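Colleague: The structure's right below; bear with me while I get my questions together.
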Amino acid sequence: MSDLRHDPINDQWIAIARNRINRPMEFVPVEQIRRQIICPFCKGNEEETPAAIATYGVRGLLNDKAELADWIVRVIPNKYPSYSSSESEPEVRHPLETGIHCSNQMNGVQELVIPSPRHVSSLSELTAVEISKTVQACQDRVAALRLMAGIEHAMLFMNCRHAAGASLGHIHLQLIGSPIASRHLQERVDRDAANRKEHGCSLIESLMNWEIKQGERVIALTENFCVVCPFASRFAFQARIIPRQSDLSFLDLNSAMCRELGNHCKSLVERLESQVDHPAYNLLLQLDPFQAPHSNWYFELMPRLTRSAGFEIGTDIWVNPVSPEVAARRLRE
């Protein structure tokens, strides 16, 4: 039995096709990451990367050069950026008109957050201190991008394993400061504004409150966060970590909230890995553009257990072989 479900945040239709879960080869992972003799992200190989933008130890940000060798988290420029970049703050340029097309030569910012000096291949392998300092580093860097001229949006994400887009085995987060806010982001802001006008709260808060009342798709519920499989999950075992406090900015999380958030991220991956051997996944921080009137954000885990095919590409209707109700029940276990 299958059914179509609508995701109101992304305005997207999802096909929950439960009968496809038993197809041959449905969840066989494909690992093609080449083993390197020297991992540039491991402790002792710091010269293999560009100079660090920021370094964190047990007590937080390190400024003393004598302490830099004891780093827990490093932030470095991306050596192979997708955007053009400059040595200083991004240069603001004007869009170019090319016939019916439009292009933009503004620079962006791309950084890597390395969450451990050890060679770790999944977020589940991080220690409590490592994941707490990683959240702190991400907060600091998003705040820095917000102050940069010409940067409209920050995208923070982790690609774990080859099928999720990883090119190195040592996990790391990527932070991209973009000179444009895409139509997808702007439309998400518009849908949130419409929900606030009609219901008096954000769209993600409305969905979270509804899910808490329903209960069957909730994985975990703590003082500050709700972990839930969305009703219209695009991917099998997809889950969101949503702040329970209304309009709480990601940048305003205190240290205790950062620890709680980091623990949820690690626990969620551990739950996924208890169900699937060595799953590839993307972990994303979904942020609104910096100029949006409200601060909407949540973390999202997107396992990459199946591949999109012709139907998804041609229609933008995604097919998910595991219902979110089944996924939540298995992740709770």
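The values are calculated or read from the model by the stated rules, or taken from the named source; none is laboratory data. Quantities reported herein were computed from a predicted structural model and do not represent experimental measurements. Positions of Cβ are backbone-derived with ideal geometry, glycine not excepted, and every protein chain shown enters the neighbour counts.
Colleague: Kindly indicate whether PHE290 is among the hydrophobic types (A, V, I, L, M, F, W, C) and at pLDDT 95 or above. Walk me through it before giving the result.
Modeller: Working: among the hydrophobic types (A, V, I, L, M, F, W, C): yes; at pLDDT 95 or above: yes.
Taking the combined requirement at face value, the residue satisfies it.
Colleague: Confirm whether THR127 is out of contact with any His (no Cβ under 8 Å at 6 or more places or on another chain), closer than 30 Å to ALA164 by Cα, at pLDDT 95 or above and surrounded by fewer than 16 Cβ atoms within 10 Å (Cβ to Cβ). Show your work before the answer.
Modeller: On the way: out of contact with any His (no Cβ under 8 Å at 6 or more places or on another chain): yes; closer than 30 Å to ALA164 by Cα: yes; at pLDDT 95 or above: yes; surrounded by fewer than 16 Cβ atoms within 10 Å (Cβ to Cβ): yes.
So THR127 fits the description; yes.
Colleague: It is to be established whether one or more residues within segment 279-286 are of a type in the set (Ser, Thr, Tyr) and under 29 Å from ILE151 (Cβ atoms). Break it down into steps so the answer makes sense when it comes.
Modeller: The initial filter retains those residues of segment 279-286 that are of a type in the set (Ser, Thr, Tyr), namely 281.
If we keep only those that are under 29 Å from ILE151 (Cβ atoms) too, we end up with 281.
Yes, segment 279-286 contains at least one residue that is of a type in the set (Ser, Thr, Tyr) and under 29 Å from ILE151 (Cβ atoms).
Colleague: Ok, one more. Being in the same structural domain as PRO230 (by TED's automatic domain parsing) and either crowded, with 21+ Cβ neighbours inside 10 Å or in contact with a strand residue (DSSP E or B) (Cβ under 7 Å, 6 or more places away or on another chain) (or both) is the requirement here; does ASN282 meet it?
Modeller: Working: in the same structural domain as PRO230 (by TED's automatic domain parsing): yes; either crowded, with 21+ Cβ neighbours inside 10 Å or in contact with a strand residue (DSSP E or B) (Cβ under 7 Å, 6 or more places away or on another chain) (or both): yes.
Yes, satisfied.
Colleague: To continue, here is another question. Please go through (1) surrounded by fewer than 21 Cβ atoms within 10 Å (Cβ to Cβ); (2) at pLDDT 95 or above for VAL269 and return the number of the only condition it doesn't satisfy.
Modeller: Only one criterion in (1) surrounded by fewer than 21 Cβ atoms within 10 Å (Cβ to Cβ); (2) at pLDDT 95 or above is unmet by VAL269, namely (1).
Colleague: Additional query: Restricting attention to segment 141-152, which residues are at pLDDT 95 or above and surrounded by 18 or more Cβ atoms within 10 Å (Cβ to Cβ)?
Modeller: ARG141, VAL142, ALA144, LEU145
Colleague: So which residues in segment 165-213 are of a type in the set (A, V, I, L, M), at pLDDT 95 or above and over 20 Å from ASP288 (Cα atoms), if there are any at all? Please lay out each step first, then the result.
Modeller: Keep residues of segment 165-213 that are of a type in the set (A, V, I, L, M), which gives 166, 168, 171, 173, 175-176, 180-181, 185, 189, 193-194, 203-204, 207-208, 212.
Filter once more, so that each one left must be at pLDDT 95 or above: 171, 173, 175, 189, 193-194, 203-204, 207-208, 212.
Answer for segment 165-213, where residues must be of a type in the set (A, V, I, L, M), at pLDDT 95 or above and over 20 Å from ASP288 (Cα atoms): ILE171, ILE212.
Conditions tested, residue by residue: (1) at pLDDT below 95; (2) of a type outside the set (S, T, N, Q); (3) surrounded by fewer than 23 Cβ atoms within 10 Å (Cβ to Cβ).
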{"residue": "LEU221", "(1), (2), (3)": "no, yes, yes"}
{"residue": "VAL228", "(1), (2), (3)": "no, yes, no"}
{"residue": "ASP247", "(1), (2), (3)": "yes, yes, yes"}
{"residue": "LEU251", "(1), (2), (3)": "no, yes, yes"}
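Yes or no, residue by residue, for (1) touching a strand residue (DSSP E or B) at 6+ places or on another chain (Cβ under 6 Å); (2) of a type in the set (S, T, N, Q); (3) under 17 Å from GLN238 (Cβ atoms); (4) in the same structural domain as GLN186 (by TED's automatic domain parsing):
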site: PRO289; (1), (2), (3), (4): yes, no, no, yes
site: PRO293; (1), (2), (3), (4): no, no, no, yes
site: ASN296; (1), (2), (3), (4): no, yes, no, yes
site: MET302; (1), (2), (3), (4): yes, no, yes, yes
site: THR315; (1), (2), (3), (4): no, yes, no, yes
site: TRP318; (1), (2), (3), (4): yes, no, yes, yes
site: SER323; (1), (2), (3), (4): yes, yes, yes, yes
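Colleague: Here is a further query. Filter segment 301-331 for residues that are at pLDDT 95 or above and surrounded by fewer than 21 Cβ atoms within 10 Å (Cβ to Cβ); which is nearest to LEU261 (Cα to Cα)?
Modeller: Filtering first and then ranking leaves MET302.
Colleague: Can you tell me which residue is surrounded by the most Cβ atoms within 10 Å (Cβ to Cβ) among those in segment 58-69 that are without any contact (Cβ under 8 Å) to a residue 40 or more places away in the chain and within 27 Å of the chain's Cα centre (by Cα)?
Modeller: Pass one, segment 58-69, residues without any contact (Cβ under 8 Å) to a residue 40 or more places away in the chain: 59, 62-69.
Remaining after also requiring within 27 Å of the chain's Cα centre (by Cα): 59, 62.
Working: ARG59: 9, LEU62: 21.
This residue is LEU62.
Colleague: Return the total of residues in segment 308-332 being touching a helix residue (DSSP H, G or I) at 6+ places or on another chain (Cβ under 8 Å) and part of a loop (DSSP other than H, G, I, E, B).
Modeller: 4
Colleague: Cβ-Cβ below 9 Å, separation at least six or inter-chain, first residue in segment 188-215 and surrounded by fewer than 15 Cβ atoms within 10 Å (Cβ to Cβ), second of a type in the set (Phe, Trp, Tyr): which pairs?
Modeller: The qualifying pairs are TRP210/PHE231; GLN214/PHE231.
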